[in-house]
Each structure stands twice: as structure tokens, then as C-alpha cells.
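Beneath this line is the structure, given in C-alpha cells, with notes to follow.
The values are calculated or read from the model by the stated rules, or taken from the named source; none is laboratory data. All figures in this text were calculated on a predicted structure; none of them were measured in a lab. Heads up, the Cβs are rebuilt from the backbone with ideal geometry, glycines too, and the neighbour counts pull from every protein chain shown.
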Amino acid sequence: MKNKEIYLDNSATTSVDPAVFKKMQPYFYQEYGNPSSVHKLGEKARQAMEKAREQVASFLNCFPEEIYFTAGATESNNWLIYGLINKITEESSFKPHIIISAFEHKSVIEPAKYLEKNNLAELTLLPVSKDGLVELDILKKAIKKNTRLISIMYANNEVGTVQPIKEIGKLIKEINQSRKQKIVFHTDAVQAINYLDCNVNSLGIDALSLSGHKIYGPKGIGILYLRKEIPIISLIRGGGQERNMRSGTENLAGIVGLGEAMKKVKSLGSIYNQNIKKLRNKLITGILKDISNSQINGSMENRLPNNAHISFRGAEGESIVMALSQKNIFVSTASACASHSLEPSYVLISIGLSPEQAHGSVRFSLGRWTTNQDIEYVLKILPDIIKRLRKISGR
Ligand code: PMP
């Protein structure tokens, strides 16, 4: 009989919740209309899409008109950065300044670096602390007269550290009071949605990106939340969908799935957070107790409840992933997006790990379906795996 799969890679992606999948199904073959069509089938598709937009808006506490459906957070991050900076440079001769943290996801770093390289913007990569946190006084010092965009992720996708988003929002609001050219505050909230308060008004967020497949919804769908007054140009032009801001026939089933997934996250509440944290803590305590020379990376206090990121001295992360995979346990080294590279993770280097420590690190990310037995099984077999790999590497 096939061993049960133990999936501890929920930060890379999640399975679609069966209840979400069920709600999506009709939109593939019964309610398949194009939301732009004027007939009855189109009207039904439009209604389903607008219901999903309301579900998302209710989660974020914003207006439905401030939600734009995209193909995912990569697109949302690219759009926000290029779209905003393009708009600003169209309207003024100032070269705008962008601040992002050094350990943002590549979909924030790459567009920002592209703009810098092509002389279209100045860029500051903000260093982060050894605990994996953006520090407010360092951010404050980095702000210049021409700063127009600050993009700080809500929670880091590798080490799971949670950034002081509310404090950053407050700081930017204060600074903006005396400015004509406002600073836009964007957060990549991909990893935060499942666990953290994402009320854009109380947090002072102007723009936010998320992806459906990290929250038990489908892949290939996401949103950009954009506060009404924020200037931006569209990047994907054509038929004028999404109020002329993001053209292309909408991913209707994906949109319905995203709305339902957000509704489900909202309904789970804090008990779910406490349970997953208990399991995660059990995993961390067990590993640190039973495996010598192992250490947890990033702040324990300001951390997503599902994340355990651990370095095992003298063992290669990739080999640990492969050995666990043979036992049907799925974890990862760097984020899934960076795992094609042999370079040590820039995220881990940014929080002060040596290349050797970075290479010996594994991310365990628990999820909605993780059980106590799963954790006990991992704790049972991991010490021998590490021992064996350390022996092979001769360290
Ligand atoms: N930002 C963060 C923090 C992420 O973890 C990811 C996915 N790894 C993305 C952005 C990109 O999401 P997607 O691949 O769904 O576009």
C-alpha cells in the first residue's frame, strides 16, 4: 500500500479545498459564459465574478472596485511596480525612489531592479535584521524627498517572519501628511492571508498582492488591491476588462475559487491558528531536542504559525529534501521559486547565515490538513536521515 503523503510544503502551494473546488466546478461546463457577454449566460458569469470580488473586498475591508483580478501575485507585484512608476514618470520629471526590503520575493525585486538598471527609478534595498525583520528606524532613514513607493512583504516566504506592517503603515501615513507627492505603501501579502489580519484600512496599506493557490484556492489567479486614489497605468491592454485596467477574458472559475477560498480562510479564525502553531512548535521542539547542531532561523515571536525553518549543520538541504521525499514527506529548501538555483538563498544570506548554513536549511510549512501523527512520523524518521547524511558528507 502506498504510504500516506505528508505535505509540509504549504508555503510553496496548497491543495484546493474540496469545498472551494465544488463551487468552481459549474464554471467550467455549465456557467461557462464570458462575463463580457450581454446574454443571460454572460450575465450569470458577471454576477459570479462580482460576488467573488465582494468576498475578497470583505476580507480586506475595502471597496469591491479596488480589487483587480490578475493571474497571481507575480503579475500583481510587477503591475504595481511598473504601473505606478510609469505613471509617476509620465506626470513629472522627478526620478522616483523605491524602497523594498532585501528579502522580498523575486517578483518584487526583479521589476524594481529593472527600473533602476534602466535609469527609471532609484532603488534602496533595505537590510533586514538577523531575526528576519525590517527595522522601522532603518526604513525611516532610507526615506527621501523623491520616495514614491515602499514595498515590504507582510510575511517572508522562506523564514516566515512577519513584518511590522501596521507600524510601517502608520509611519508612511504620518510622513505623507506633509507631502504633496505621496508615498504609496504596497505589501506582498501572499504568505500572510491564511494567518494574519489583512484589513487594509486599519493597517494603512495602499496596495496589496495575493495568490489563490497559497490559500487553498486554485493556481493562476490572484489580485491586486489598489486604493482608489493611487495612480497607475495598465500593463495588459486589449479588450478593456477589469475597468480597463487589466485586459483579457477573466479566469471565471479561478475567480470564483479565489472568492470562496478567502471566505473559508475568514471563517476559520484564531482556533485554527492556535492548532497549527501547536503542531509547528511540537515539530521545532522535537527537532532541536533530538538532532544536535540544528538551529531555527528567524524570529520565533514574529513568525507565521505554520513555518519552521531549520539549519542542520553538516547536512545538505537538497539531500534532506530528497531523503524525506523517498518517505513521502514533502518539504523544501529555499522557496519553490528559487530552488532551481544552486546559489545559497539570498533570503538566508540577508539574515546573516553563512553560505554553508544556508545550504543546510530546510523549510517545513504546515497546512490545513497537517495532523499530529504527521508531525510524530517526521520526528521519528528525521534524526536517522540527518545522521546518515552527515556521515556521507564526512562532517
Ligand atoms: N510573493 C511571495 C511572498 C510568494 O511566496 C510567492 C509564491 N512563491 C509569490 C509572491 C508569487 O506568487 P505566484 O507564483 O502565485 O505568482
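Things worth noting here:
- Within the range 238-252, the set of residues being closer than 25 Å to R148 by Cα and in a loop (DSSP other than H, G, I, E, B) comprises M245, R246.
- Being over 30 Å from A308 (Cβ atoms) and surrounded by 23 or more Cβ atoms within 10 Å (Cβ to Cβ) is a property that I98 has.
- Test set (1) within 15 Å of the ligand (Cβ to nearest atom); (2) touching a Cys at 6+ places or on another chain (Cβ under 9 Å) - L60 fails condition number: (1)
- E50 passes every criterion in (1) surrounded by fewer than 18 Cβ atoms within 10 Å (Cβ to Cβ); (2) within 16 Å of the ligand (Cβ to nearest atom) apart from (2).
- Residues being surrounded by fewer than 23 Cβ atoms within 10 Å (Cβ to Cβ), over 21 Å from G33 (Cα atoms) and within 16 Å of the ligand (Cβ to nearest atom) - total across the range 216-254: 2
- Listed by first and then second residue, the pairs linking a residue in the range 1-26 that is within 25 Å of G259 (Cα to Cα) to a residue that is at pLDDT below 95, with Cβ atoms under 9 Å apart and 6 or more places separating them unless they lie on different chains, are D9/A336; S11/S335; S11/A336; A12/S335; A12/A336; A12/C337; A12/S339; T13/A336.
- Selection status of V16, within 16 Å of the ligand (Cβ to nearest atom), more than 30 Å from L348 (Cα to Cα) and either modelled with pLDDT of 95 or more or part of a helix (DSSP H, G or I) (or both): no
- Scanning the range 116-143 for residues that are touching a residue at least 40 places away in the same chain (Cβ under 8 Å), in contact with a Ser or Thr (Cβ under 8 Å, 6 or more places away or on another chain) and among the hydrophobic types (A, V, I, L, M, F, W, C) yields V128, L133, A142.
- Candidates in the range 131-152 are the residues that are assigned to a helix (DSSP H, G or I) and among the charged types (D, E, K, R); of these, the one that is nearest to L226 (Cα to Cα) is K140.
- Of all the residues in the range 36-47, those that are closer than 19 Å to N244 by Cα and either charged (D, E, K, R) or surrounded by fewer than 19 Cβ atoms within 10 Å (Cβ to Cβ) (or both) number 7.
- Taken as a whole, the range 169-184 holds no residue that is within 16 Å of the ligand (Cβ to nearest atom) and assigned by TED's automatic domain parsing to the domain that holds S58.
- Filter result for I81 (in the same structural domain as I223 (by TED's automatic domain parsing), modelled with pLDDT of 95 or more, of a type in the set (A, V, I, L, M, F, W, C) and within 17 Å of I233 (Cβ to Cβ)): yes
- Checked against (1) within 30 Å of G72 (Cα to Cα); (2) assigned to a loop (DSSP other than H, G, I, E, B), G259 meets all criteria but (2).
- Residue check, E116 more than 13 Å from the ligand (Cβ to nearest atom), in a helix (DSSP H, G or I) and acidic (D, E): yes
- Residue list for the range 341-371, restricted to those being small (G, A, S) and outside any loop (DSSP other than H, G, I, E, B): S350, A358, S361, S365
- Within the range 94-113, if we keep just the residues that are small (G, A, S) and in a helix (DSSP H, G or I), the residue that is farthest from the ligand (Cβ to nearest atom) turns out to be A112.
- Residue count for the range 125-151 satisfying the condition of being acidic (D, E) and touching a helix residue (DSSP H, G or I) at 6+ places or on another chain (Cβ under 6 Å): 0.
- A189 meets the conditions (1) within 16 Å of the ligand (Cβ to nearest atom); (2) of a type outside the set (D, E, K, R); (3) closer than 30 Å to A253 by Cβ; (4) out of contact with any Cys (no Cβ under 8 Å at 6 or more places or on another chain) in every case but one. The failed one is (4).
- Residue within the range 85-93 that is under 19 Å from the mean Cα position of the chain (by Cα), touching a residue at least 12 places away in the same chain (Cβ under 8 Å) and closer than 27 Å to S202 by Cα present: no
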